[in-house]
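Here, each number is a calculation from the coordinates, and none is a lab measurement. Note that the coordinates shown come from a computational prediction; the quantities given were computed from them, not determined experimentally. Here the Cβ positions follow ideal geometry from the backbone for every residue, glycine too, while neighbour counts run over all protein chains shown.
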Amino acid sequence: MLTNPALLRAIGHELRTAREALGWTRAQLVSQLDREVHSQTIATYELGIRQCTLGRFVAICDALGIPAPQVLTNAMRRAGVEPHLLACAVDLRLLVRDRSPDLEPLRRWAQHRLDAGVDEDGIVHLEPTLVAELAVFCGLAHVELFRRLEVFTSDSGL
C-alpha cells in the first residue's frame, strides 16, 4: 500500500496529465477499462485522495498507452521519494532459498514466519522502518538491504 500522500498526488498528476494529453474526459477513460470503474473513482485517483490497486493502476496506464513503471518513476521523481523510503513486498519463499551469507539472519526470520503461518501467501509487506531494523541484523545499510530485497518480489521469481 502506498501511504505517502505526496506520491499519491504525484501519481494522480501523472495519470491526469496523460489522460488530458489524449484529450479524454474521465468518462472516456472509464470506457476504455475492462472493469466497471466510475468517473468519480478516477477523479479520486487523479487527486491523490484514494489509492488504487496495482492491477487497476496498470489497467489505467495500459488504457492511456503509457508504461506503468514510467508513470511510477515520474511520480516518485515529482514527489521527491527515494525508492527505499517505500514499503516493499517480499516473497519469503524466494528469500529462504537465497544463499547469500550476509542474509542468513533474514533467511532465519523469513523461515520462522513461514513455519508459523504468519503470512498465508508467503508475501510480507515491509515498511521502511522494519527494513532499516532488519538491515542492522544483516550488517547492511538500509538502502542496500532494500535494493537486495527487490529481487525477492513474487514477480522476480517467475
Rounded to the nearest 0.05, FRET efficiency between His112 and Val143 (Cβ-Cβ, R0 22 Å) equals 0.30
Distance in nm between Thr44 and Ile123 label points, each 7 Å along Cα→Cβ, equals 2.1
Per-residue ellipticity at 222 nm attributable to helices in the chain (runs of n ≥ 4 DSSP H, -39500 (n - 2.57) apiece, nearest 500 deg cm²/dmol) works out to -17500 deg cm²/dmol
Show log10 I(q)/I(0) for region 85-152 at q = 0.12, 0.23, 0.26, 0.28 Å⁻¹, two decimals, from a solvent-free Debye sum over equal Cα scatterers. -0.25, -1.00, -1.28, -1.45
Reported to two decimal places, what Rg/Rh ratio describes region 5-81 when computed on Cα atoms with Rh from the Kirkwood expression? 0.93
Burial-style ranking of 112-122, 8-18, 55-65, 24-34, average other-beta-carbon count within 10 Å with highest first, yields 8-18, 55-65, 24-34, 112-122
